[in-house]
Amino acid sequence: MPAGRPSKPIEQKRLLGNPGKRPLTAGQEVEILERASEIPEPTRPLLKPGRELWDRVWGSGINWISPQTDLELLLMTSEMVDERWNLRIKVMQTDDMQMARRLDNLTRLIVGNLSLLGFSPSDRSRLGVAEVKKQTKIEELIAKRNAL
């Protein structure tokens, strides 16, 4: 039996200015984490694919990723990307089905971790940090006219 619509996250209510005017924490104290002001350096070495992911994630998620609590998850995910890159080359060279299953499993883990960090459309909307919006025809025409 469905439980109905899930409640909005506290972060989204704060972003909207708490339109319902209800207490946001329901009797619990919520710790506000500091945002990163710049992309931090990874605490362990990363290969090129992992470092590129590290920079892209911090570059686009710097407003909601916490350098205190999310750093290790992102670092492990970046290391997984490095491992996936190496494993993918081996799978293409050997066509080993056991390695291919490991590659598929690793890919699912990476996608899951990126989702935990807010890098899927549904997770971003649940966090209230971004929404992908398609331009209407009128908006496209106005944008083209302004570009001239």
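The values are calculated or read from the model by the stated rules, or taken from the named source; none is laboratory data. This structure is a prediction, so every number in the text was calculated from the model and none was measured. Cβ coordinates were reconstructed from backbone atoms using ideal geometry, including for glycine residues, and neighbour counts include every protein chain displayed.
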Got at least one residue in segment 45-62 being in contact with a Gly (Cβ under 9 Å, 6 or more places away or on another chain), β-branched (V, I, T), at pLDDT 90 or above and surrounded by 15 or more Cβ atoms within 10 Å (Cβ to Cβ)? no
Within the set of pairs 6 or more residues apart or between chains, which connect a residue that is under 18 Å from L109 (Cβ atoms) and touching a residue at least 24 places away in the same chain (Cβ under 8 Å) inside segment 52-77 to a residue that is loosely packed, with under 14 Cβ neighbours inside 10 Å and not small (G, A, S) with Cβ atoms less than 6 Å apart? none
Any residue at all in segment 8-26 that is within 21 Å of S120 (Cα to Cα), at pLDDT 90 or above and not β-branched (V, I, T)? no
